[in-house]
Amino acid sequence: MIGIEKSSRHQKIVGNFGEYLVCNWLSRSGFEVCVVDHTGMDVIAYNPRTKQRLGITLKSRTRITGTETSSIYIFREAKNDRQKLIDACEAFHCELWIAVYAECDTVADLFLTSLVNYDMHKPRGKRAVDGWGMTKRHKSAYAEDPEVKHIQIEFRSDPNWWRQRTRQRETE
């Protein structure tokens, strides 16, 4: 077990990491990609083979032990998040997509799907918060959906990693 001890800037760092992980995997898949600093949209990706242009909003979270299956908020009605993505994608002529990066102690998942596909699986009606479920049942459903792209990363460390060395010294 590696352990998670968040720094004061951890949320910013994990957000940047998630953005660049999306860029990396789309680039590896032939897309031209860039991180954008635009309200509602984090990444623009262009597939030269299909001429498809994606406007992606990304939510990145680190989950400590006991919170691994907590949902990740995608859109909050009070912040008008959905409309911000719609407006940004309209301005840049992009298809609306969402990405979720969730890391725990030893594993991280990156999910990517269109907003249209996301909406097909959510209950109808207005909600205060739209979330991305992270339970075993949700992950199984994503695995069966060909419209949900997914990669998983495993974290392993040598015994000399910082946190483990600190624990070892504390017990001596």
Item to complete: Let me have the relative contact order for the range 33-117, percent, based on Cα pairs under 8 Å that are six or more residues apart.
Response: 30 percent
Practice prompt. Sort by residue number and report every cysteine in the chain with no other cysteine beta carbon within a distance under 4.7 Å.
Written response: CYS23, CYS34, CYS104
Discussion item. Can you show me the helix-derived [θ] at 222 nm for the chain, built from DSSP H runs with n ≥ 4 at -39,500 (n - 2.57) apiece and divided by the number of residues, rounded to the nearest 500.
Written reply: -9500 deg cm²/dmol
Response to the item:
Per the Cα gyration tensor, the chain corresponds to an equivalent ellipsoid with semi-axes, largest first in Å, of 31, 19, 16
Discussion item. Using Cβ contacts closer than 10 Å as the measure, can you line up VAL14, VAL43 from fewest to most?
Written reply: VAL14, VAL43
Worksheet item: When ARG63, ARG9 are ordered from fewest to most other Cβ atoms inside 10 Å of their Cβ, what list results?
Response: ARG9, ARG63
Worksheet entry | Sorted by Cβ density within 10 Å, fewest first, the residues ARG28, ARG61, ARG49 | ARG49, ARG28, ARG61
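Where a number appears in this text, it was derived from the coordinates with a stated rule and is not lab data. Predicted, not measured: the structure shown is a model, and the values here were computed from it. Cβ: placed from backbone, ideal geometry, glycine included. Neighbour counts: every protein chain shown.
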